[in-house]
Amino acid sequence: MMQDYNFEEYLRKALSNSISSKNPSENAKNKARKLSPSYYQDLKEKLLIEYDKKSLMDVMDCKISKTSFGDVLKITKKERINFEIADNDFKHQMNSNLKLLPKIGPKKEQNLKNKGFDTIESLTNHDRYCDSASKFLRDLDEMSFCEIIDLLDSNRYSKKCRDNIIKSISLTEKENFKFMDIETKGLSNVPIILIGVAEIKGKYIHASQYFLRDYAEEASIIDAYLSHLDEDSVHVTFNGKTFDVPFIKNRCRYNRIDADLDLAHLDLMYFAKNLWSEKLPNCQLQTIEKELFGIERIDDVPGQYIPGYYDAYLEKNNIGPVVPIIEHNAQDIISLSSFLDKMYRDVN
């Protein structure tokens, strides 16, 4: 009898999550509203009223910064963070991964280890692999973090080495991570309207966002972002290899900005799918936030509505429609630091 009751209760709850059920839950109603364009039209009108005659400096920590292309509005945010990368002696782990040498796969590696060749260093005494092992060890001492990531990423036995890419972050300083995200007027050949970058400094994460007050400032916000980068910087993004970094490169060319963006890059979307796909409904950024970190956003604006919200900001001279876009971007870049910290702990 209890079993039947539990099934009926389960069925009732499952059906209540559908908007087409007789008695849909409030959660189902909210989801349905947020799939409707009218919901975001109403939200935009509400924001226009709420922020009428206010400036971003009234509601956020802002200042005007100078770049070689002109002034730019910089929005800052600071939060305490627990981000520590414990030493995992990763170069020793690399030395034990014989598959990093050419022509060694899992079976060959196991055969070699069965014969006592447990490390790449030991293979310097092997008749066939001595030269490649010696070269690898010489090169390893001189490799930059970017080159190590490229080596691991290009290895054909990718699943294991993908975990190793996350493990390898112990080889760089946490201050080098640039947690980055952009918001744009569309998917290609349109201006960037916001660039956010977060950096770890001691026990805090500092977010800097550069907002496009009008189209003439695009070169300035890009230049302001570039000022955060140097040769040791590591881009940390979510789908940034496919979208954000190529988009910035394109806009650099358009604005005739000379920039080197070919830096070490950790695109956490790929690692999230590798590590968490079996335990999550999907591996979208906001799903990860909700399921693994208990973060649920309110009045978040999906990407397809951002161009229209930005147009309303320009047409009405009213910051209301861009406030949730800026807040969304700040949450994205801060969340990336939590993702990377958890990924490192998971793979170690």
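Every number here is computed from the coordinates shown, using simple stated rules; none is lab data. Because the structure is a prediction, the values reported are computed rather than measured. A quick note on method: Cβ atoms are made from the backbone with ideal geometry, for glycine too, and the neighbour counts reach across all protein chains shown.
Miscellaneous remarks
- Kirkwood hydrodynamic radius computed over the stretch 59-141 comes to 16.9 Å, based on all pairs of distinct alpha carbons.
- Net charge over other residues, Cβ less than 11 angstrom from the Cβ of Tyr204 (K, R count +1; D, E count -1): +3
- Applying 1/(1 + (r/R0)^6) with R0 = 22 Å to the Cβ-Cβ distance of Asp141 and Lys113 gives a FRET efficiency near 0.40.
- Förster radius 30 Å - calculated FRET efficiency between Asp87 and Lys201, Cβ distance, rounded to 0.05: 0.90
- Distance from the alpha carbon centroid of the stretch 158-233 to that of the stretch 57-104 works out to 8 angstrom.
- In terms of overall dimensions, the stretch 154-283 has a Cα radius of gyration and Dmax of 15.8, 47 angstrom.
- Length gained when the stretch Gln41-Glu315 is fully extended (0.36 nm per residue, less Cα-Cα span): 97.1 nm
- Candidates Gly105, Gly303, Gly320, ranked by Gaussian network fluctuation over the chain, Cα under 10 Å, top entry: Gly105
- Antiparallel bridge percentage (DSSP; both residues within the chain; nearest 5): 80 percent
- The stretch 130-174: trypsin sites (Lys or Arg not before Pro) falling in loop per DSSP and having at most 16 other Cβ within 10 Å: Arg156
- Rounded to the nearest 500, the helix-only mean residue ellipticity at 222 nm of the chain stands at -14000 deg cm²/dmol, with each DSSP H run of n ≥ 4 adding -39,500 (n - 2.57).
- The magnitude of the dipole of the stretch 90-162, with charges of +1 and -1 set on the Cβ of Lys/Arg and Asp/Glu and taken from the Cα centre, is near 540 debye.
- Sparse packing (at most 12 other Cβ atoms within 10 Å of the Cβ) combined with a DSSP loop state is found for the following trypsin sites (Lys or Arg not before Pro) in the stretch 237-341: Arg256, Lys279.
- Taking the empirical scaling 2.2 N^0.38 Å for compact globular proteins as reference, the chain has a Cα radius of gyration ratio of 1.20.
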